[in-house]
Amino acid sequence: MRTHTLLLAALAAGLMLTAGCRREASGPVVVSGIGGPARMANPNRDPLDTPSAFLLQSVAEGLVRFDAGGDVEPGLAQSWIVSNDGLRYTFRLARADWPGGGGRITAEQVVARLKAAAAPGSRNPLKPALGAIDEIDVMTEEVLEISLKSPRPNFLQLLAQPELAIVRADRGAGPYRILRAESGGLLLGPPQPDEDAPSPVTDPPLLLRGEPAAAAAARFDLGLTDLVLGGSVGDLPLATATGPAARTLVFDPVGGLFGLAFAGGDGPLAKPEARQALAMAIDRDALAAAFPAARMQMRETLLPAGVEGISAPAAPAWTASPLPARRALAARTLAGAGGSGRLRVSVALPEGPGYELLLALLRRDWAAVGVTAVRVAPGQPADLRLVDEVAPASLASWYLRHFACEASRICDPAADAALEAARTAPTQDARRAFLIQADGSLAAVAPFIPLAAPVRWSLVSPRLIGFRPNLFGRHPAGELLHGQP
């Protein structure tokens with residue numbers, strides 16, 4: 001921890017030399033997203049890091065959007081109707097124009113964008129979930145309809161994600177707009193005030209930077225940034241190194257996957273018993289204790305309890321045993337797996353002090369059952385790879401499709417068949433039954449070592465009274481200054 005504190009102190013000194021002094025409280029809202037420089041990326045081609053996702057959700061909207069609390073509200077669509085059977089969503093667009101005199105936004109343009117996200121060549125991370133769509137049709141210039149193969153009660157949550165924002169020629173219809181590059185970031189102009197309001201209010205502009213976690217945390221500590229977004233377990237020690245006040249370090253209660261995916265099905269880990277042995281040897285309570293501020297929600301199952309009404313996700317038999325018994329079984333299972341020496345497994349992890357701590361704990365736990373763990377860089381050949389992703393919607397299929405045969409070398413055709421049946425199931429009860437079947441099949445083949453729910457943290461200035469933690473970790477720029485503290 002002392003090393004992290006010294007690093008932040010050095011960064012802070014450099015920032016003081018360049019910045020000179022603290023900002024005025026009435027100036028632009030300054031946001032530091034952890035990642036690369038903010039850019040108008042196309043999510044159908046490139047993944048969105050935190051700065052680019054925040055930029056896209058600020059300068060472009062989907063049919064719907066998230067409010068500060070993570071609930072869905074109107075975006076480009078002023079209203080929508082869901083059919084009684086849950087299979088048809090009919091959206092009516094609000095009056096909106098493309099910037100720069102580009103004309104009115106039409107249903108045809110929106111439909112084209114949504115179809116592109118779901119197209120065979122798309123790399124959009126939401127594409128697997130969009131397989132639930134049967135048809136997307138233009139009804140009139142301002143009305144479109146999305147037909148589903150089976151009911152999805154949380155379908156609107158997908159449409160609210162920035163990956164489905166409607167853009168044209170790398171431009172969106174607001175509510176914010178890019179003014180210019182400034183101070184190592186992008187200056188965004190605020191939404192126009194509501195002229196019909198009794199007292200129209202003009203928000204200040206917003207300055208968005210993308211930068212490494214250490215620089216963002218140091219800038220916040222100096223009062224040079226109002227908000228740091230996109231923190232994970234990997235960089236959590238940087239946020240806690242200087243002991244931020246409890247009211248400034250905020251955690252989003254996100255769902256998703258945080259654990260280790262097996263990258264191949266060959267060698268000593270070819271059998272599910274060996275993969276389960278690695279999973280059962282991990283002391284998850286010690287992992288949670290290593291990150292006390294996060295209050296991690298530990299997990300031994302692929303699905304979290306309660307998603308799509310699945311109250312009891314499939315759990316391996318070893319979850320009923322205490323840790324010493326688990327480790328004894330794991331040691332017996334793995335005995336001789338390494339040939340004449342100890343079994344050696346490689347783990348691909350990103351850089352970050354939190355990930356270093358995670359690896360140290362894994363090394364200790366696996367050493368207790370005769371396994372040596374070594375770290376490799378992301379992109380290098382590895383036995384295990386870290387998965388640290390937030391679920392975009394409360395859909396069990398999102399979790400399970402990570403380990404379908406088209407996505408994972410370790411899979412089960414029976415699970416794939418159950419997932420396809422769930423996709424077209426006529427009722428929620430029928431869909432749930434197929435999802436439970438797929439979950440059980442995947443639990444048996446053990447393609448993944450679940451550890452916990454993902455951790456997502458932010459550093460929040462008291463100025464931002466509208467900031468609210470939510471299930472998706474999305475924080476709309478226009479609501480940061482408004483709401484209840």
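The values are calculated or read from the model by the stated rules, or taken from the named source; none is laboratory data. Note that the structure is predicted; figures quoted are calculated from it, not measured. Because the Cβ atoms are built from the backbone with ideal geometry, glycine has one as well, and the counts that use them run over all protein chains shown.
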With respect to R344, is the statement that it is in contact with a Ser or Thr (Cβ under 8 Å, 6 or more places away or on another chain) and basic (K, R) true?
-> yes
Of the residues that make up the range 225-237, is at least one touching a strand residue (DSSP E or B) at 6+ places or on another chain (Cβ under 7 Å), surrounded by fewer than 21 Cβ atoms within 10 Å (Cβ to Cβ) and at pLDDT 95 or above?
-> no
Only one of these is surrounded by fewer than 19 Cβ atoms within 10 Å (Cβ to Cβ) and of a type in the set (S, T, Y): S408, S394, S441. Name it.
-> S394
Residue identified as crowded, with 17+ Cβ neighbours inside 10 Å and either more than 24 Å from the chain's Cα centre (by Cα) or free of Cβ contacts under 8 Å to residues at least 12 places away in the same chain (or both) among I136, I166 | I136
Does any residue of the range 115-124 turn out to be free of Cβ contacts under 8 Å to residues at least 60 places away in the same chain and either touching a helix residue (DSSP H, G or I) at 6+ places or on another chain (Cβ under 7 Å) or closer than 17 Å to L55 by Cβ (or both)?
-> yes
Top-ranked residue of the range 306-342 - restricted to ones that are surrounded by 12 or more Cβ atoms within 10 Å (Cβ to Cβ), free of Cβ contacts under 8 Å to residues at least 12 places away in the same chain and aliphatic (A, V, I, L, M), ranked as nearest to R275 (Cα to Cα) = A328
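Okay, residues lined up against (1) modelled with pLDDT of 95 or more; (2) of a type in the set (D, E):
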site	(1), (2)
V254	yes, no
G264	no, no
P268	no, no
R275	yes, no
L278	yes, no
I282	yes, no
D285	yes, yes
A289	yes, no
L302	yes, no
Residues that are out of contact with any strand residue (DSSP E or B) (no Cβ under 7 Å at 6 or more places or on another chain), closer than 30 Å to L435 by Cα and small (G, A, S), drawn from the range 311-369 | S311, A312, A314, A315, A317, A320, S321, A330
Determine, yes or no, whether R299 is surrounded by 17 or more Cβ atoms within 10 Å (Cβ to Cβ) and either outside the structural domain of D365 (by TED's automatic domain parsing) or under 23 Å from the mean Cα position of the chain (by Cα) (or both).
-> yes
Could you please find all residues in the range 96-123 being in a helix (DSSP H, G or I) and more than 18 Å from K149 (Cβ to Cβ)?
-> A107, E108, Q109, V110, A112, R113, A116
